[in-house]
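The values are calculated or read from the model by the stated rules, or taken from the named source; none is laboratory data. These numbers were taken from a predicted model, which means no experiment stands behind them. Cβ atoms come from the backbone with ideal geometry, glycine included; neighbour counts cover every protein chain shown. The accessibility values were calculated without ligands, DNA or RNA, using every heavy atom of the protein model including side chains. Shrake-Rupley method; radii C 1.70, N 1.55, O 1.52, S 1.80 Å.
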Amino acid sequence: MELLKERILREAVIINDDVLKLDALLNHQVDPLLTMEMGREFARRFAEDPITKVITVESSGIPVAFAAALALNVPLLFARRKKTLIADPDALCERVPSFTKGIVTDIMVSKQFLTEDDTVLFIDDIIANGDAARGLIKIIERSGAKLAGLGIVVEKSFQAGARTIREQGIRIESLVRIGSLEGGKIRFE
Ligand code: 5GP
């Protein structure tokens, strides 16, 4: 998506060889017109699939997942980051390490909203090592729902996450792929 590449080149901040700060576009501030365009692009790419729901993880995935859900005319479901130790028998939970925060969090989805009748499109902001994505994929599998694929805004293809998930036979569509951040320069693939 050329428009997104231009915006990343203008507005992203390279923190080091592994991390790109995208607060101006994805992780703090959101541009509604750009976000709606991203949602329509995901909807186009998955137009052949019988999607019943778009799913993401709070919080940065929500705006673009909402845009995709609107374009597909289906509900948006977001996995919540769990803040209680009390077990909920009606929820599916997974523990995921956070790439940027260096902590572990539990994510949960209520069984009520994800069932074997669903075919879901999983949208997320950035994929690095793939831990967050793998956590939600496990929840989707345990629910019995079908996974049409993943729509990712920024794939950092120099990290292993997207590759290992594709090797599992899961479709991933990325709007931009970044092959390297070395030398303070963003190189798209
Ligand atoms: P993963 O679990 O794939 O290693 O990391 C995924 C999550 O970590 C993303 O949803 C994103 O919030 C955060 N993340 C990973 N790499 C970056 C990065 O380079 N920049 C920012 N801003 N967030 C990142």
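Odds and ends about this structure:
- Checking Val96, Val104, Val74 one by one, the residue that is buried (at least 16 other Cβ atoms within 10 Å of the Cβ), over 15 Å from Ala148 (Cα atoms) and hydrophobic (A, V, I, L, M, F, W, C) is Val96 and no other.
- Residues in segment 120-156 that are among the charged types (D, E, K, R) and either within 11 Å of the ligand (Cβ to nearest atom) or within 19 Å of Gly179 (Cβ to Cβ) (or both): Asp124, Asp125, Asp131, Arg134, Glu155, Lys156.
- Residues satisfying the stated conditions in segment 48-64, i.e. of a type outside the set (Ser, Thr, Tyr), within 16 Å of the ligand (Cβ to nearest atom) and either buried (at least 17 other Cβ atoms within 10 Å of the Cβ) or not in a loop (DSSP other than H, G, I, E, B) (or both): Val54, Ile55, Val57, Gly61, Ile62, Pro63, Val64
- All positions within segment 134-182 that are among the acidic types (Asp, Glu) and either part of a helix (DSSP H, G or I) or open to solvent by less than 10 Å² (accessible area, probe 1.4 Å) (or both): Glu141, Glu155, Glu167, Glu182
- Within segment 12-39, the residues that satisfy the criterion of being more than 10 Å from the ligand (Cβ to nearest atom) and surrounded by 15 or more Cβ atoms within 10 Å (Cβ to Cβ) are Ala24, Val30, Asp31, Leu34, Thr35, Met36, Glu37, Met38, Gly39.
- Test result for Ala67, modelled with pLDDT of 95 or more, under 21 Å from Glu155 (Cα atoms), not in a helix (DSSP H, G or I) and not charged (D, E, K, R): no
- Among residues of segment 157-181, those that are under 16 Å from the mean Cα position of the chain (by Cα) and within 15 Å of the ligand (Cβ to nearest atom), counted: 16
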